[in-house]
Amino acid sequence: MDQAELTTDQVLRRDIPWETYMTTKLITGTCLQLLRRYDKRSESYRAQLLEDDGPAYALVFVNILRDIFKEETVEYVLALIDEMLTANPKRARLFHDESLANEDTYEPFLRLLGKGNWFIQEKCCKILSLIVSVRPKTSDSSKRGFTTIDDVLKGLVDWLCVQLKKPSHPTRGIPIAINCLAALLKEPLVRSSFVQADGVKLLVPLITPASTQQSIQLLYETCLCIWLLSYYEPAIEYLATSRTLPRLIDVVKFSTKEKVVRVVILTFRNLLPKGTFGAQMVDLGLPQIVQSLKSQAWSDEDLLEALSELEEGLRDNIKLLSSFDKYKQEVLLGQLDWSPMHKDPIFWRENITNFEDSDFQILRVLVTILDTSSDARALAVACYDLSQFIQYHPAGRIILSDLKAKDRVMKLLNHDNAEVTKNALLCSQRLFLGAKYASFLQV
């Protein structure tokens, strides 16, 4: 059978020759006794054994994974561990018992995570994530020669990023990676390693409205990852320059699942005071969406409170947000459109000196858009705005000539789109004629 399609039940139906392993000294007599007592027994019977002698079983399982390399046996022991942890996740603490203090508990799982087949990799990822999450905060993970907690967390992050880029299993690779990531991102080292590995961009395509139960769970856990990352500044910097916010807004607009809406709204609440997120949220119509969400019957108190806080924060942002801040945000994101300010003479008269800020940063970006954008609307608006700058700034023509705008505008005179050529013509005329005659050239 293809190992990628193996199930825990199928693996646990196998008969493992424990006596042979004792004969060849791969396991001890005590280990054999424990296994005979445990293997093939009812769940309630095994639960009592784990209650009475749990650390001994954890030790047996770790030793087998360390000393025996036969794939069928490795799969079997991992299935036993997965089964006992699924029934009661608190049992992961057994692997941190003092009786295992001289064992390199993490090593077998970390080694198999990188080398095993899909069944082995999936089980090792789940088991390691659980064991790591319940470790004592005062544990000494620096014992000489032992696998450290840092080794484990970095190894897990590397494996998770590989799964998100190129899944080892077509349908289970990404869900298991996101599930484990959601549990691990509480760890500061995981957050920093994940961001350094450029992992945040791997989450963005997964933020999309979902309909089936499986896809809703994947969406929820992906949004949970984004929420956890919204507490970490280097991740926030990436979120600010990616398509994360528009995608999250689409999710909250079309999702009816309360837990999904809740985690997205909590993420918005975290991001609102950071950088330019407030301006982006206003431009993307979040205030109206929040109003609509508030009118619905939610049962989650945290969600209701977060919606009220978010509504108030967005209201404050709208008050504080001058039209130039909104304009600047539009330009820096490269999302130019015919919003009212572009053709508003009052906007240009009142804000013309703001274009001089940061060594004419906005003008430089507009000129770059002419070179790099493939969006006809953005090209047309950029040409128009540059022509407006010439009209309203006394040195507009000279400044844009210094920024090498003329050649870039001229190239657009032959563009396929009529809106682009029309505004490129206006801009080139103003570049040649200057502000003195510009007022005669209106679109």
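The values are calculated or read from the model by the stated rules, or taken from the named source; none is laboratory data. The structure presented is a predicted model; accordingly, all values stated were derived computationally and were not measured. Cβ placement follows ideal geometry from the backbone for every residue including glycine, while neighbour counts extend to all protein chains displayed. Side chains are part of the model used for accessible areas, which takes the heavy atoms of the whole protein and leaves out ligands, DNA and RNA. Shrake-Rupley method; radii C 1.70, N 1.55, O 1.52, S 1.80 Å.
As an exercise, identify the trypsin sites (Lys or Arg not before Pro) in region 31-95 lying in DSSP coil whose Cβ has no more than 14 other Cβ atoms within 10 Å. Numbers along the way, then the final one.
Working: sites: Arg36, Arg37, Lys40, Arg41, Arg46, Arg66, Lys70, Lys90, Arg91, Arg93; in loops: Lys40, Arg41, Lys70.
Those satisfying the criteria are Lys40, Arg41, Lys70.
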Between Lys406 and Lys137, how many nm apart are label points set 7 Å from Cα along the C-beta direction?
-> 6.6
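So what's the back-of-envelope 222 nm ellipticity for the chain, counting only DSSP H runs of four-plus at -39500 (n - 2.57) apiece and dividing by all residues, rounded to 500?
Working: 26 runs with 302 residues, N = 443.
Taking each H run of at least 4 residues, the total per residue is -21000 deg cm²/dmol.
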Debye calc, one equal point scatterer per Cα of region 338-395, no solvent, log10 I(q)/I(0) at q = 0.29 1/Å comes to -1.31
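Rounded to the nearest 0.05, what FRET efficiency do Phe254 and Asp316 give with R0 = 22 Å and r taken as the Cβ-Cβ distance? Could you check? Intermediate values should be presented prior to the final figure.
Values: r = 27 Å, r/R0 = 1.22.
It comes to 0.25.
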Tell me the label-point distance for the pair Gln213, Ser339, using the 7 Å Cα-to-Cβ offset, in nm and rounded to one decimal.
-> 4.3
Bin by bin, in steps of 10 Å, what percent of the Cα pairs in region 198-291 do you find, going until the bin that has the longest distance?
-> 17, 56, 26, 2
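In Å², and per residue, what accessible area does region 67-157 have when probed at 1.4 Å with the other protein chains present? Present the calculation step by step, with values, prior to reporting the outcome.
Working: 4040 Å² over 91 residues.
Ligands and nucleic acids excluded, the result is 44 Å² per residue.
Tally Lys/Arg at +1 and Asp/Glu at -1 over every other residue whose Cβ is under 12 Å from the Cβ of Leu156; what's the total? All intermediate terms of the calculation are to be shown ahead of the outcome.
Working: positive: Lys126, Lys154; negative: Asp150, Asp151, Asp158, Glu187.
Result for the neighbourhood of Leu156: -2.
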Work out, step by step, the length gained on full extension between Glu309 and Gln48: first 0.36 nm times the residue separation, then minus their alpha carbon distance; give nm to one decimal.
-> 89.1 nm
Whole-Hz Karplus couplings 3J(HN,Hα) for region 261-272, θ = phi - 60° and coefficients 6.51, -1.76, 1.60, Gly and Pro as x, run 4, 4, 5, 5, 5, 5, 5, 4, 4, 5, 7, 3
Taking Cα pairs closer than 8 Å and at least 6 residues apart, the relative contact order of the chain in percent is 8
Distance violations [Cα-Cα > 20 Å] among Lys253/Lys294; Lys186/Lys253; Lys328/Lys422; Lys40/Lys90; Lys154/Lys201; Lys90/Lys259 = Lys186/Lys253; Lys328/Lys422; Lys40/Lys90; Lys90/Lys259
Report the full-extension gain for the segment Asn414 to Asn102: residue separation times 0.36 nm, less the Cα-Cα distance, to one decimal in nm.
-> 104.8 nm
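Mind checking Rg over Rh on region 139-276, alpha carbons, Kirkwood formula for Rh? All intermediate terms of the calculation are to be shown ahead of the outcome.
On the way: Rg = 15.5 Å, Rh = 15.6 Å.
Value, to two decimals: 0.99.
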Suppose R0 equals 41 Å; then what is the FRET efficiency for Glu237 and Leu32 from their Cβ-Cβ distance, rounded to the nearest 0.05?
-> 0.15
How much of Met22 can a 1.4 Å solvent probe reach, expressed as accessible area in Å² and rounded to 10?
-> 70
Phi angles of region 304-314, converted by Karplus (6.51 cos²θ - 1.76 cosθ + 1.60, θ = phi - 60°) into ³J(HN,Hα) in whole Hz with x for Gly and Pro, give 4, 5, 5, 4, 5, 5, 5, 4, 5, x, 5
Give, as ranges by residue number, the residues of region 258-272 whose backbone N falls under 17 Å from the point 7 Å along Cα→Cβ of Ser295.
-> none
